[in-house]
1. Would you check if there is a residue in segment 43-52 being modelled with pLDDT of 95 or more, surrounded by 17 or more Cβ atoms within 10 Å (Cβ to Cβ) and either β-branched (Val, Ile, Thr) or over 18 Å from LEU276 (Cα atoms) (or both)?
2. Scanning segment 259-280 for residues that are over 16 Å from the mean Cα position of the chain (by Cα) and at pLDDT below 80, which turns out nearest to VAL10 (Cα to Cα)?
3. So CYS255 passes all but one of these: (1) in a loop (DSSP other than H, G, I, E, B); (2) at pLDDT 90 or above. Which condition number does it fail?
4. Do we have GLU224 as loosely packed, with under 13 Cβ neighbours inside 10 Å, of a type in the set (D, E, K, R) and closer than 24 Å to LYS176 by Cα here?
5. Under 8 Å by Cβ, and 6 or more places apart or on different chains, what pairs join a residue from segment 240-267 that is crowded, with 17+ Cβ neighbours inside 10 Å with one that is part of a loop (DSSP other than H, G, I, E, B) and at pLDDT 95 or above?
6. What single numbered condition from (1) in contact (Cβ under 8 Å) with a residue 24 or more places away in the chain; (2) charged (D, E, K, R); (3) surrounded by 16 or more Cβ atoms within 10 Å (Cβ to Cβ) fails to hold for LYS108?
7. When only residues in segment 114-149 that are surrounded by fewer than 18 Cβ atoms within 10 Å (Cβ to Cβ) and small (Gly, Ala, Ser) count, which is farthest from SER56 (Cα to Cα)?
8. What number of residues in segment 1-10 are assigned to a loop (DSSP other than H, G, I, E, B), in contact with a helix residue (DSSP H, G or I) (Cβ under 9 Å, 6 or more places away or on another chain) and either surrounded by fewer than 24 Cβ atoms within 10 Å (Cβ to Cβ) or charged (D, E, K, R) (or both)?
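The values are calculated or read from the model by the stated rules, or taken from the named source; none is laboratory data. Predicted, not measured: the structure shown is a model, and the values here were computed from it. No Cβ is skipped: glycine too gets one built from the backbone with ideal geometry, and neighbour counts run over all protein chains shown.
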Amino acid sequence: MKIQTFTIVVGSAACNASCPYCISRMTGKEIGYELPKVNWHNFEKACRLAQVNNVSTVLLTGKGEPTLYPQQITEFLKHMKEFQFPLIELQTNGLILKDFKKYEKTLKQWHSLGLNTIAFSIVHYKKEKNKEIYTPKSEYINLEETIEKLHKIGFSIRLSCIMVKGYIDGIEELKKLSEFSRKNKVEQLTIRSVKCANNSEDKEVYDWTKSHLVPDEDMIKVSEFLEKNAHKLMTLEHGGCVYDYQGQNICLTDCLTIKPNTEDLRQLIFFPDGHLRYDWQYKGAVLV
């Protein structure tokens, strides 16, 4: 077995954003926002399984927004310390960082515990476009200022852009996103088209997502543009490609995880109740 990423689900389904394409709602969002207790016994087994399979990257994420549970993030980082994973990342919408001073001490603690990278989920380089998706009824963060402050602490930054029709949906917008990333010294830029889960449990989300998919032909054009105009750095196990485009790292990938006809797993997913899974959308993809 070869595992690429050890993914840890932090917190509950609670979220402070309003994404109309929410993959958690499509793949079975839990009812209720009470913080689940962590099965630490199984977590240590999951860490050991990841360790013996030479996993280099740990991703802290959530069915909701993980940063709503900063204490649990701290606990996960402390429990992982003995396993010495070289790369630990946190996936977030970043909205709590509107009040950066409130969380600055916690962020510095996370960095000292081994957290390397803050990966922001975005749909655009413009504040007002991100606001439309994430915070239609309130203010969106100043992304540029937040990136600068996190850099000063010592974090690397990834912008994880979901490509949506009407937002980043083609070559010209990708060029502008790349320029924004380069200007703000973003270490990594990942782009992926929004996807519909095969077995959606939320019709409203499914219908919105289906109507905002970037057409396959446009995604092919993006891929061809990068192949022609960027330098390919590597091909990832799950099929994604990493490029250097005018000095900016760009990874073109997808959202889903399963890789049939192989024992290789894109990710090992730990849920607080102790279950270990290897796919978000299929309930049968369970190891423990």
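1. No; the residues of segment 43-52 include none that is modelled with pLDDT of 95 or more, surrounded by 17 or more Cβ atoms within 10 Å (Cβ to Cβ) and either β-branched (Val, Ile, Thr) or over 18 Å from LEU276 (Cα atoms) (or both).
2. The qualifying residue nearest to VAL10 (Cα to Cα) is LEU265.
3. (2) is the only condition that CYS255 fails.
4. yes
5. Close Cβ pairs (under 8 Å, with a partner that is part of a loop (DSSP other than H, G, I, E, B) and at pLDDT 95 or above) amount to TYR243/ALA230; TYR245/ALA230; GLN248/VAL186; ASN249/GLU187; ILE250/ALA230.
6. LYS108 satisfies all of (1) in contact (Cβ under 8 Å) with a residue 24 or more places away in the chain; (2) charged (D, E, K, R); (3) surrounded by 16 or more Cβ atoms within 10 Å (Cβ to Cβ) except (3).
7. That would be SER138.
8. Of all residues in segment 1-10, those assigned to a loop (DSSP other than H, G, I, E, B) come to 1-2, 10.
Narrowing further to those that are in contact with a helix residue (DSSP H, G or I) (Cβ under 9 Å, 6 or more places away or on another chain): 1, 10.
Retained after the next criterion (residues that are either surrounded by fewer than 24 Cβ atoms within 10 Å (Cβ to Cβ) or charged (D, E, K, R) (or both)): 1.
The total comes to 1.
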